[in-house]
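To keep things clear, I will list the structure first and then write my remarks on it.
The values are calculated or read from the model by the stated rules, or taken from the named source; none is laboratory data. Not measured: the values here are computed from a predicted model. So basically every Cβ, Gly included, is an ideal-geometry build from the backbone, and we count neighbours across all protein chains shown.
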Amino acid sequence: LGEIRRHLRDDGPLRVSRSLKALAQQVYRVQDDLSKELGREPTVAELAARLGVPVEEIVAALEGSRPPASIQEPIHE
Amino acid sequence: MVDENRVVLELPSRPENVSIARLVVAQMAAQLQFTVAEVEEVKVAVSEAVTNAIVHGYRGRAGIVRVEVCARPGELEIAVSDQGVGIEDIDLARQPAWSTDPERMGLGFVFMENFMDSVEVESRPGHGTRVVMRKRVGSGYGSAAASGGAV
Amino acid sequence: MVDENRVVLELPSRPENVSIARLVVAQMAAQLQFTVAEVEEVKVAVSEAVTNAIVHGYRGRAGIVRVEVCARPGELEIAVSDQGVGIEDIDLARQPAWSTDPERMGLGFVFMENFMDSVEVESRPGHGTRVVMRKRVGSGYGSAAASGGAV
Ligand SMILES: Nc1ncnc2c1ncn2[C@@H]1O[C@H](COP(=O)(O)OP(=O)(O)O)[C@@H](O)[C@H]1O
Ligand SMILES: Nc1ncnc2c1ncn2[C@@H]1O[C@H](COP(=O)(O)OP(=O)(O)O)[C@@H](O)[C@H]1O
Ligand SMILES: [Mg+2]
Ligand SMILES: [Mg+2]
């Protein structure tokens with residue numbers, strides 16, 4: 001089962017592909033490219049397809065790349 | 001299977017749970033054809049509603065905030081309910097810059113209204129509050145916040 | 001407020017909802033002091049349990065998968081329940097490489113057991129199944145994968 005773990009980590013679902021911050025940066029970059037190509041803002045699904053990552057990872061990256069909403073102070077600045 | 005995906009989330013009224021509501025609505029919005037900017041708008045709206053339930057509804061006491069997210073073709077609907085103190089005067093509460101808490105800015109409803117296509121509020125003092133918000137796919141960019149990667 | 005955060009998620013039995021369960025448990029695991037690798041393990045375990053509920057429990061028909069995630073100091077507990085067909089022989093179902101579906105590998109329970117500290121299965125044929133999994137913070141050995149992709 002150590003084998004299974006290793007397999008998962010190296011090739012499978014446990015591979016931590018890149019940090020969420022790096023992915024968020026890629027999302028913004030590709031968003032610019034796609035906006036030019038399409039003449040409109042791309043959808044999240046289109047960004048996921050272009051980057052070859054699941055929508056779920058983009059969602060996590062966009063949430064992880066900003067500080068969590070704090071309730072101590074108002075959420076909006 | 002009906003072409004409607006209705007997910008229900010029950011969150012204890014703790015500040016760290018706001019981000020859980022944000023993630024769930026973001027994922028469901030992303031499965032519809034929303035842009036990154038629109039997903040951010042939906043996240044802000046749900047943050048404001050859930051924060052209101054925690055801060056005003058339950059006043060920091062323990063309670064459950066219920067978030068129902070319904071994705072149907074072309075539209076996302078979010079209902080946030082609490083069984084907290086309720087709102088005496090809903091029209092007043094929705095006024096820009098009106099708050100019962102001097103520390104707060106009174107802009108939560110303004111954000112919800114601006115970032116969503118519709119916002120309905122039902123409340124009974126002593127019983128709780130329910131806010132239902134809808135956003136249609138492709139209904140609005142050019143909207144103030146759709147400023148690309150502005151995060 | 002008790003020092004326990006119990007979040008409940010009700011998901012229609014649709015494959016795209018597995019990602020919602022993953023995002024929620026990941027967020028709650030991250031609130032405890034789990035490593036990145038441990039969070040990934042928890043995500044795999046919950047994916048397997050929710051997928052089983054959808055695929056085996058409801059056999060692709062409509063139903064609700066309930067995911068309860070409880071974060072308490074030092075431990076995460078996840079319960080995944082369905083009201084589907086149930087499991088005739090739980091010991092057999094948990095055997096590695098055993099599956100009622102020739103297309104599947106029969107490794108779901110193996111992953112759950114390996115990635116979590118404990119896995120309990122209750123089931124009644126015709127009534128449904130409940131899988132309760134726990135993982136303690138810092139129980140992971142060596143954490144080979146804690147490769148610092150830290151967020
Ligand atoms: N869920 C709720 N329960 C009770 N009162 C609420 C709730 N949501 C909003 N309110 C009331 O409405 C007012 C305005 O809310 P909002 O526009 O979000 O501004 P703020 O939160 O900054 O006060 C709050 O100050 C509060 O009195
Ligand atoms: N929620 C469930 N409802 C009904 N049967 C289940 C459920 N979860 C697991 N099972 C049974 O246990 C078996 C083994 O599950 P698992 O180890 O995940 O392997 P696999 O999903 O690849 O078949 C399944 O083939 C199925 O017969
Ligand atoms: Mg507010
Ligand atoms: Mg399985």
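Consider the range B:71-85. How many of its residues are over 12 Å from B:Thr129 (Cα atoms) and more than 10 Å from chain C (Cβ to nearest Cβ)? Before you say what the answer is, go through the steps one by one.
Filtering the range B:71-85 for residues over 12 Å from B:Thr129 (Cα atoms) gives B:71-78.
From what is left, the residues that are more than 10 Å from chain C (Cβ to nearest Cβ) are B:72-78.
The qualifying residues number 7.
Would you be able to say whether some residue in the range B:25-39 is out of contact with any Leu (no Cβ under 7 Å at 6 or more places or on another chain), within 16 Å of ligand 3 (Cβ to nearest atom), at pLDDT 95 or above and not hydroxyl-bearing (Ser, Thr, Tyr)?
no
Can you pull out the residues in the range C:37-64 that are among the small types (Gly, Ala, Ser) and either part of a helix (DSSP H, G or I) or near ligand 2 (Cβ under 8 Å from one of its atoms) (or both)?
Going through the range C:37-64, the residues among the small types (Gly, Ala, Ser) turn out to be C:37, C:45, C:47, C:49, C:53, C:57, C:60, C:62-63.
Scanning the range C:37-64 gives C:Ala37, C:Ala45, C:Ser47, C:Ala49, C:Ala53, C:Gly57.
Considering only the range C:15-24, I want to know if a residue exists there that is more than 16 Å from ligand 3 (Cβ to nearest atom), among the basic types (Lys, Arg), out of contact with any strand residue (DSSP E or B) (no Cβ under 6 Å at 6 or more places or on another chain) and within 10 Å of another protein chain (Cβ to nearest Cβ). Step through it out loud before you land on a result.
Just the residues of the range C:15-24 that are more than 16 Å from ligand 3 (Cβ to nearest atom), to begin with: C:15-24.
Those still in the list that are among the basic types (Lys, Arg) too: C:22.
Still in the list and also out of contact with any strand residue (DSSP E or B) (no Cβ under 6 Å at 6 or more places or on another chain): C:22.
Still in the running and within 10 Å of another protein chain (Cβ to nearest Cβ): C:22.
Yes: one or more hits.
Tell me which residues, restricted to the range B:113-126, are within 19 Å of B:Val85 (Cβ to Cβ) and touching an Asp or Glu at 6+ places or on another chain (Cβ under 6 Å).
B:Pro125 - this is the single residue of the range B:113-126 that is within 19 Å of B:Val85 (Cβ to Cβ) and touching an Asp or Glu at 6+ places or on another chain (Cβ under 6 Å).
Under 18 Å from B:Gly126 (Cβ atoms), buried (at least 21 other Cβ atoms within 10 Å of the Cβ), within 13 Å of chain A (Cβ to nearest Cβ) and β-branched (Val, Ile, Thr): which single residue out of B:Val65, B:Val42, B:Val55, B:Val36 fits that description? Before you say what the answer is, go through the steps one by one.
Working: B:Val42 fails: under 18 Å from B:Gly126 (Cβ atoms); B:Val55 fails: buried (at least 21 other Cβ atoms within 10 Å of the Cβ); B:Val36 fails: under 18 Å from B:Gly126 (Cβ atoms).
From the options B:Val65, B:Val42, B:Val55, B:Val36, the qualifying one is B:Val65.
When you scan the range A:53-71, do you find a residue that is farther than 19 Å from B:Lys43 by Cβ, outside any loop (DSSP other than H, G, I, E, B) and modelled with pLDDT of 55 or more, even just one?
no
Name the residue, out of C:Ile90, C:Ile78, that is out of contact with any helix residue (DSSP H, G or I) (no Cβ under 9 Å at 6 or more places or on another chain), of a type in the set (A, V, I, L, M, F, W, C) and over 26 Å from B:Leu32 (Cβ atoms). First the steps, then the outcome.
Working: C:Ile78 fails: out of contact with any helix residue (DSSP H, G or I) (no Cβ under 9 Å at 6 or more places or on another chain).
Matching residue, one of C:Ile90, C:Ile78: C:Ile90.
Got at least one residue in the range B:36-59 being free of Cβ contacts under 8 Å to residues at least 12 places away in the same chain and within 20 Å of B:Arg130 (Cβ to Cβ)?
no
Please find, among C:Ser81, C:Ser139, the residue that is touching a strand residue (DSSP E or B) at 6+ places or on another chain (Cβ under 8 Å) and under 24 Å from C:Arg6 (Cβ atoms).
Details: C:Ser139 fails: touching a strand residue (DSSP E or B) at 6+ places or on another chain (Cβ under 8 Å).
So the residue among C:Ser81, C:Ser139 that is touching a strand residue (DSSP E or B) at 6+ places or on another chain (Cβ under 8 Å) and under 24 Å from C:Arg6 (Cβ atoms) is C:Ser81.
What pairs can you find where one residue is in the range B:112-135 and in a loop (DSSP other than H, G, I, E, B), the other is modelled with pLDDT of 95 or more and among the basic types (Lys, Arg), and their Cβ atoms are less than 6 Å apart, with a gap of 6+ or different chains?
The qualifying pairs are B:Met116/B:Lys135; B:Asp117/B:Arg134; B:Asp117/B:Lys135; B:Asp117/B:Arg136.
Please enumerate the residues belonging to the range C:1-26 that are within 17 Å of C:Ala45 (Cβ to Cβ) and hydrophobic (A, V, I, L, M, F, W, C). First the steps, then the outcome.
Taking the range C:1-26 and keeping what is within 17 Å of C:Ala45 (Cβ to Cβ), we get C:7, C:9, C:11, C:17-26.
Passing the criteria: C:Val7, C:Leu9, C:Leu11, C:Val18, C:Ile20, C:Ala21, C:Leu23, C:Val24, C:Val25, C:Ala26.
State yes or no: is C:Val25 in a helix (DSSP H, G or I), within 15 Å of C:Arg134 (Cα to Cα) and touching a Pro at 6+ places or on another chain (Cβ under 8 Å)? So that I can check it myself, show each step before the final result.
Values: in a helix (DSSP H, G or I): yes; within 15 Å of C:Arg134 (Cα to Cα): yes; touching a Pro at 6+ places or on another chain (Cβ under 8 Å): no.
No.
Inside the range C:79-109, can you point out the residues that are buried (at least 17 other Cβ atoms within 10 Å of the Cβ) and among the aliphatic types (A, V, I, L, M)?
The answer is C:Ala79, C:Val80, C:Val85, C:Ile87, C:Ala93.
Would you be able to say whether some residue in the range B:74-91 is part of a helix (DSSP H, G or I) and of a type in the set (Asp, Glu)? Steps first, please.
So in the range B:74-91, the residues part of a helix (DSSP H, G or I) come out as B:90-91.
Among the residues that remain, those that are also of a type in the set (Asp, Glu) are: B:91.
Yes - at least one qualifying residue is present in the range B:74-91.
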